[in-house]
Amino acid sequence: MIVSRKHLPRRTFLRGAGATLALPLLDGMIPAFAAKTSTAQPVQRFSVAYVPNGIVMDKWTPAAEGAGFELTPTLEPLAPFRDRVLVVSGLRSKPAFAGPGEGTGDHVRAASTFLTGVHPKKTEGPDIQAGTSVDQIIARELGKENQLTSLEMCLDPNELIGACEAGYSCAYSNTLSWRNPTTPLPMENQPRGVFERLFGDSDNTTQAARRARIAEDRSILDSLVQQVSGFTSKLGPSDRNKMAQYLDAIRDVERRIQKAEEQSSKELPAMDRPSGGIPGTFAEHARMMFDLQVLAYQCDITRVCTFLLSREVSPRPYPEIGISDPHHGLSHHQHRPESLAKLAKINNYHMQQFGYFLEKLRSTPDGDGTLLDHIAIVYGCGISDSNDHLHTNLPILVVGGACGQLKGGRHVRFSDETALANLHLTLLNKLGVNVDHLGDSTGQLPQLAGV
């Protein structure tokens with residue numbers, strides 16, 4: 001680490017041509033005394049990745065508990081990160097079950113209770129009501145000094161979900177994040193929309209404006225090139241390397257977004273592909289959105305991201321892996337081996353994209369470690385057995401180091417009556433957000449409290 005008399009403010013920006021470029025944590029931003037004594041505190045971050053329509057649980061759940069568990073077929077893509085993965089079994093979302101006379105709606109309730117622990121009001125009108133989600137509680141604390149308190153993303157457009165489950169507003173299905181019990185937060189599925197929220201032009205995201213931007217063929221970095229050049233020439237070797245990696249990542253993401261937007265005007269084969277600047281496959285789209293998350297964390301624009309990889313009841317097919325059946329239809333497998341095999345293949349495909357995200361976090365320096373060292377990620381679903389719409393023994397992972405607050409490489413099993421909200425309550429306190437109660441929580445998880 002280069003220690004000099006110059007000290008860059010932690011919130012350092014370059015501005016030009018309407019664009020704002022936040023910088024990653026550089027050695028020069030750490031005060032000299034902190035650099036010498038290694039007492040600089042890393043930044044905590046939080047992320048949620050949600051997958052819908054249940055999981056083939058015998059392909060997910062490890063047989064052994066503790067540190068000696070073996071990765072199952074669905075979890076196999078996480079092998080390189082095994083020491084950072086905590087597999088959590090046995091948690092239950094009681095608020096996701098139907099109340100008296102409510103009948104259907106398990107998918108809607110699975111999503112709306114996943115981060116809130118609160119049973120949603122059954123209504124098709126504007127009088128929706130659920131609970132404040134854990135990501136927003138964390139964002140209020142961790143996001144006090146950030147450009148964005150939180151970032152909410154998804155892959156499916158609203159059109160994909162079709163009619164919502166009988167008696168429930170689509171607002172319950174279209175997001176995981178609730179600012180308060182009556183305010184669901186919209187989720188952005190356009191990479192360009194996310195990019196512009198992070199780096200500029202967030203007030204003008206019409207299609208006409210986007211086409212004009214493509215025609216100009218001028219990136220954010222092009223508009224800042226002189227400032228970037230002048231700024232980096234004053235940095236030490238380590239900081240110059242970090243800046244080069246960061247700028248290359250921004251250029252790559254913007255190039256891919258522009259390519260997707262250019263291709264969006266072409267005639268497409270018949271498939272459930274949204275219009276606009278959306279990549280052609282699920283993997284391309286998911287990885288672009290994961291890359292945007294990494295950039296947001298890297299330059300500390302936000303510390304909290306929530307990502308809905310697909311909505312509950314999504315009929316999305318996955319032709320790129322040989323599955324033309326709608327996902328939701330497959331989830332009602334009736335224990336047919338062929339349907340179960342296809343569903344397990346989708347589960348594994350989702351996990352591959354999550355593994356890509358973890359690799360990007362692990363390869364991105366952050367202070368004295370990496371972004372993976374300084375984040376807590378919850379990956380999971382609000383339904384276990386999709387055929388029976390079970391909200392018990394949920395498939396949950398907790399990944400990352402959380403600045404030393406989490407110990408991975410374990411499979412921990414709880415009793416079937418343990419509330420999912422207990423996990424969220426535990427993570428809140430590990431991230432320094434002191435809360436006594438969340439949703440239907442009954443206390444913190446003792447197996448995690450001592451880590």
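Out of the stretch 426-443, which residues are free of Cβ contacts under 8 Å to residues at least 24 places away in the same chain and within 23 Å of the chain's Cα centre (by Cα)? Result: THR426, ASN429, ASN434. Does THR113 fit the bill of being surrounded by fewer than 19 Cβ atoms within 10 Å (Cβ to Cβ) and at negative phi? No; evaluated as a whole, the condition is false for this residue. Only one of the listed residues (LEU394, LEU372, LEU343, LEU361) is part of a loop (DSSP other than H, G, I, E, B), at pLDDT 95 or above and surrounded by 21 or more Cβ atoms within 10 Å (Cβ to Cβ). That residue is LEU394.
Can you find a residue that is within 21 Å of GLY143 (Cβ to Cβ) and at pLDDT 95 or above anywhere in the stretch 403-422? No, the conditions are met nowhere in the stretch 403-422. When the residues of the stretch 38-68 are filtered to those that are buried (at least 19 other Cβ atoms within 10 Å of the Cβ) and hydroxyl-bearing (Ser, Thr, Tyr), the one that is farthest from ASP156 (Cα to Cα) is THR61. Note on the stretch 375-388: residues that are crowded, with 23+ Cβ neighbours inside 10 Å and at pLDDT below 95 total 1.
Among the residues of the stretch 290-327, those identified as at pLDDT below 95, of a type in the set (A, V, I, L, M) and in a helix (DSSP H, G or I) are LEU292, VAL294, LEU295, ALA296.
Rundown of residues vs (1) touching a Pro at 6+ places or on another chain (Cβ under 9 Å); (2) in contact (Cβ under 8 Å) with a residue 12 or more places away in the chain; (3) not assigned by TED's automatic domain parsing to the domain that holds PHE114, yes/no style:
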position	(1), (2), (3)
GLN298	yes, yes, yes
ARG316	yes, yes, no
SER324	yes, no, no
ASP373	yes, yes, no
CYS381	yes, yes, no
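The values are calculated or read from the model by the stated rules, or taken from the named source; none is laboratory data. Keep in mind it's a predicted model, so treat the numbers as computed, not measured. Heads up, the Cβs are rebuilt from the backbone with ideal geometry, glycines too, and the neighbour counts pull from every protein chain shown.
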